[in-house]
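Below you'll find the structure, written out as structure tokens, and then a few comments.
The values are calculated or read from the model by the stated rules, or taken from the named source; none is laboratory data. None of these values were measured; they are calculated from a predicted model. Backbone-built Cβ (ideal geometry, glycine too); neighbour counts: all protein chains shown. Remember, those area values only see protein heavy atoms, side chains included, never the ligands or the DNA or RNA. Shrake-Rupley method; radii C 1.70, N 1.55, O 1.52, S 1.80 Å.
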Amino acid sequence: MTFNWFERNPTAPSADTPSVDYVEWAKRAYEHIRKQQQLSAPATPPEPQPEPEPEAAAAPTSFLARAAALRQSRLAALKESLSPAESPMTTPAAPATPMAAPAEAPPPVELDEGFLWSAEILAAQGRRPEEVTVEEINWLQKLRRGLAKTRRNILNQLKAIIGQGPLDERAVNELETILLQADVGVTVTDWVIQQIQNRLRQEALPPEMALKLMTACLRDVLERPYQQGYARNLTPVRGKLNIWLITGVNGVGKTTTIGKLAHLAKKSGYSCLIAAADTFRAAAVEQLKIWGERAGVDVISNPTPNADPAAVVFDAITAAQARGVELLLVDTAGRLQNKQNLMAELAKIRRVIDKKATDAQVESLLVLDATLGQNGLRQAQVFTEAVRLTGVIITKLDGTARGGIALAIAQELGLPIRFIGAGEGLTDLRPFSSYEFVEALIGL
């Protein structure tokens, strides 16, 4: 059965969500995943994963330390509950006769703190253990690792200011500094601090409640675009042509993002095609073809140097319509040094799409490099003037301590975050979930 990542639709726990025995849930999910992998073709060696940097130890009386100790005790209980045959998970031995390994075979799941955290996130959303896939577990662990730098910076400072007792005005001021350092942005920070101060006027705010309130506030900011009419999921419509314009300045990861989106579409059961319409950047077309080959998706291009991008898009739409393709991904140029030409070029491409594919579902997605922080936000503002953006893709979250930029984008631009990338691998980009993002950002 094909797992459709575009329709995954993770949601935050509600007041009606029943309480969960996380150890029992994680055990059943682990056993289910183990059976899935044993039934699959011979597993490939696991991808080398970076070792997570150790979290700084908290004071024994801190609620943060108690939360960490609780997860460790759950992990110990989970390992103890599994029979020797079930733990640890082993990779089947390779057959004597060389055989081709299945494409993108997921690495075996390790029974560690990352697995337990991922299981807790899925269980809290009301998911059943039998529904969980190894791809989801692996992605959540990558997301948490990708935001580790930002999370460490935030939690290490939180330990110092709210780890021992109720919040006071000094602690609130320190919280403001922490959020600004994470590139959450002035507007979002001011609003979050105002919510906390309003609660402080009503009652004493223990550290646990303060962190829960801050988590809820950050999630609310990320959810606001959905309240303005944007669909919660960006899902290609089955049986018709969907065209996604991928925009962004050179160097933010547009080419790799398109390759990952193409791979995600194929994995989710969609037919896909790529249009190489960034005809001015040296080697852009060749790089896109390499990623297209990795994803198993054809690339429509024009071999003529500096070919007209709009003509490439026209040819790609013609090919997509002839083949009955469901998703066409269009690479575009990103020369901010000449804003007027950029705007004219993107406008011309859009006119071609509107005339050639009148019934197509069109999205304009901006790729932003998370390591740029507030500079990335300024880039986004330029592109909103050049093209009718409908969403944002954030890349390179694994290389920055500025993961809070996602909140500034949602607040300042009013645009939904559609996808996030947390690595260089083909499977390291997935649809955005505000709940999972905030939990990976500041969750315990």
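Please state, to two decimals, what the Cα-based radius of gyration of the range 148-295 comes to when divided by 2.2 N^0.38 Å (N = residues). Let's see the in-between values first.
Values: Rg = 21.9 Å, N = 148, 2.2 N^0.38 = 14.7 Å.
Against the compact-globule rule of thumb, the ratio is 1.49.
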Per residue, in Å², the accessible surface of the range 126-206 once ligands and nucleic acids are set aside, probe 1.4 Å = 43
Check cross-link reach from Lys254 to the lysines: straight Cα distance under 28 Å, and skip same-chain residues fewer than eight apart.
-> Lys142, Lys149, Lys240, Lys266, Lys267, Lys289, Lys339, Lys348, Lys355, Lys356, Lys396
Compute the accessible area per residue over the range 235-340, keeping the other protein chains in place, probe 1.4 Å, unit Å².
-> 38
Net charge contributed by nearby residues that have their C-beta within less than 13 Å of Asp190 (K/R +1, D/E -1) | -2
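Compute the accessible area per residue over the range 364-437, keeping the other protein chains in place, probe 1.4 Å, unit Å². Walk me through the intermediate numbers first.
Details: 1880 Å² over 74 residues.
For the range 364-437, the solvent-accessible area averages 25 Å² per residue.
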